[in-house]
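The values are calculated or read from the model by the stated rules, or taken from the named source; none is laboratory data. Since the structure is predicted, the reported quantities are computational estimates derived from the model, not experimental observations. Cβ atoms come from the backbone with ideal geometry, glycine included; neighbour counts cover every protein chain shown.
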Amino acid sequence: MTLQRHFRLWTFLLIIVPSLLIMAIYTFGQISAAKQQHLDSLQQRVLLQDQLIDYWVTERAADVRKLSQTDTFRMLNSQQMKYTLDFAQQGDYNFDSLSYINKDGVFVMSTLSTGIKFPSAIGKPYYEAALAGKDYVSDVVVGRNSGLPIINFSSPIYDYQGNFQGLILGSIRMSTLETLLQDNWIGHTGEIFLVNREGIMLTEPRHIHTLVEKGIIKGPIKMKFKITDDALRNIRLGESGAATWIDYQGNKVLGAYLDVPNRGWTLIGKINEQEVLAPIYNQLALMAGGTICMLFLILPLAAWLTNRIKQPIDWLIQQSQWVAAEEYQMVAQEKLSRNMLHELLILCDTFVSMSSKIENTINQLKEKDAKLESKIIEIQDMNATLEEEISERQAAEEALRQLNAQLEHKVQERTVAISHYSQELAATNTQLLILNEELRRTSLADGLTGIANRRYFDVFLEREWQRATQEKKPLALLMVDIDFFKAYNDTYGHLAGDDCLKLIAKVLDTTPKRPMDTAARYGGEEFAIVLPDTDEPNAITVAEKIRVGVEKLDIEHAGSSISTHVTVSIGIAVISPAPDTLPVAIITAADSALYQAKREGRNRIKVAEKNLTEQTKFNNNYSI
């Protein structure tokens, strides 16, 4: 194998083989980590969603109880009862209908738009609970009058003497509960929905249009569509856990499920595995492309170095062949560039000089041989001269041997130089690994807004949480959500929505003035800001600057003269972490505060309650 082929082979082996090994290890590790991270995240989301639903149900039950305790119903003021029911429903968009049932179990009045088709409530669970003096919250049932899946809330009515006067019945459609679930949909394919013990969906799936287009379902499907057989095999209804299965669209999904025994349903969150792994495959393609580009850059360099060493050696081989053929007139006829390594230049010049001396010596020997033929008779007289010539010839041969030894020494020196160049190639490969690491770090930025992404946020919050725990300092978290962003996207288009996200991200990134404060895109239109060493008053100050800064934004739409304004709702949680708490505590508290801010009308700031931020603890199986 020639020197040039050796260089090409080792260049290929030192670049391609390590790169393929590194990419394989990196990809396998990233896939495993991404799956586990999303499973943990889904478990946290369904747990948080269960808390929000439980909080929402508790609030609705309290609303019905409060209505049953008003003077209007305790005194059975018939002139005010209908007005009170209508006013209560108009003030709370959650209820589909509010009804008054008298102590005999008869629907006396109701806000139900379709009217009461079945006026008797005798034997119904809510009526029996009222007779027993108890509040009642039903499972998901099909309403007798509306024909739709609903949840019933009831509370008994007593007069001021403690006599039973009937009950207030509030009905809420499952579509209202679906709105709470849609707020926590994950990515482009993720969704959260409810199923009963038989696996029947109590809420509509996110991609219902796909089922309609394929002709799998027709018309309203509430409580008529089951999860897939594969999902039933992998999800243990009545228990909690995480699993993978094939969903109703035929996609492999990662999911978590949580049993809610007191409601009789299971809360399921899932996301397509393809969406989870797509960023990793994109990174792998970038790494492979970078390796190929680096190979195309290094191969010409290796070829150039090889040619620079090989050209003088080829020239010496050709000159040696001319000397061996005694064609001395051809030696040094082919000009060699002087732009070569110094040692090779000396070797070539020495060989030319040596060839000239050999030529002169050989010519002299030939001349003497000719004279010997003509002077055979004078041989005896010329013995002394002949011995002297023989001695000179031996000296010339010795000189030739010495020159050959020098040539071998130079070849050994060049072999050492070639080894040095191989070490330089290894150093170049190390630089390639450094560039690959730099490429990995750039994956921590959000592709749309340029600020930190969710992955970096998780790492940064974990680090600051540990530091705050060790130093016993407060840590503040702001959860920021764009109000009515879905309606904004539907009205102005996704490009306008992307522009809106970029502008708001810039406000979030520049409003906190300290270098340690970090803003990140948490997902969709939701952002998170970590404020280390920050107490509640300072956190509120930063949040107000953000709210005002966003409200003042004048968002212009490309291609038109229309400009709009948007607002944000902000939830704040400030915690001095204890050793037995996890970072998810502050996320849960801030999310709850954000939900309260939206519920109270949006475009406002809400601080998490002290008992929530101080008492929220999670099992060590969960992490961010």
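Only one of (1) touching a residue at least 60 places away in the same chain (Cβ under 8 Å); (2) within 27 Å of Asn196 (Cα to Cα) is not met by Asn262, so which one is it?
(1)
Is it the case that Leu495 is exposed (fewer than 15 other Cβ atoms within 10 Å of the Cβ) and more than 17 Å from Arg604 (Cβ to Cβ)?
yes
I'd like to verify a number: residues in region 459-477 that are surrounded by fewer than 20 Cβ atoms within 10 Å (Cβ to Cβ), within 21 Å of the chain's Cα centre (by Cα) and touching a residue at least 40 places away in the same chain (Cβ under 8 Å), how many?
Number of matching residues: 2.
Does region 255-268 contain at least one residue that is farther than 30 Å from Val141 by Cβ, at pLDDT 75 or above and either in a strand (DSSP E or B) or among the acidic types (Asp, Glu) (or both)?
Within region 255-268, none of the residues are farther than 30 Å from Val141 by Cβ, at pLDDT 75 or above and either in a strand (DSSP E or B) or among the acidic types (Asp, Glu) (or both).
Determine, yes or no, whether Ala243 is at pLDDT 80 or above, within 30 Å of the chain's Cα centre (by Cα), assigned to a helix (DSSP H, G or I) and not assigned by TED's automatic domain parsing to the domain that holds Val142.
The answer is no for Ala243.
Just give me the residues in region 584-624 being modelled with pLDDT of 95 or more, more than 27 Å from the chain's Cα centre (by Cα) and either assigned to a strand (DSSP E or B) or among the hydroxyl-bearing types (Ser, Thr, Tyr) (or both), in sequence order.
Scanning region 584-624 gives Ile605, Lys606, Val607.
Out of Val142, Val137, which single residue is touching a helix residue (DSSP H, G or I) at 6+ places or on another chain (Cβ under 9 Å) and surrounded by fewer than 21 Cβ atoms within 10 Å (Cβ to Cβ)?
The unique qualifying residue is Val137.
Mind checking which residues of region 475-501 are outside any loop (DSSP other than H, G, I, E, B) and under 18 Å from Ala543 (Cα atoms)?
Leu475, Ala476, Leu477, Leu478, Met479, Val480, Asp481, Ile482, Leu501
Working carefully through the options Ala476, Ala528, Ala487, find the one that is at pLDDT 95 or above, small (Gly, Ala, Ser) and over 17 Å from Gly447 (Cα atoms).
Ala476 is the lone residue from the list that is at pLDDT 95 or above, small (Gly, Ala, Ser) and over 17 Å from Gly447 (Cα atoms).
Could you check, for region 118-131, whether at least one of its residues is more than 15 Å from Ser68 (Cβ to Cβ), modelled with pLDDT under 85 and over 48 Å from the mean Cα position of the chain (by Cα)?
Yes; the residues of region 118-131 include at least one that is more than 15 Å from Ser68 (Cβ to Cβ), modelled with pLDDT under 85 and over 48 Å from the mean Cα position of the chain (by Cα).
Please note which helices (runs of 4 or more DSSP H) are completely contained in region 1-108 and include at least 2 residues that are touching a strand residue (DSSP E or B) at 6+ places or on another chain (Cβ under 6 Å) and at pLDDT 80 or above.
Correct list: 3-68, 78-91.
On the basis of being surrounded by fewer than 18 Cβ atoms within 10 Å (Cβ to Cβ), in contact (Cβ under 8 Å) with a residue 24 or more places away in the chain and not assigned by TED's automatic domain parsing to the domain that holds Leu400, does Leu365 make the cut?
Criteria not met by Leu365.
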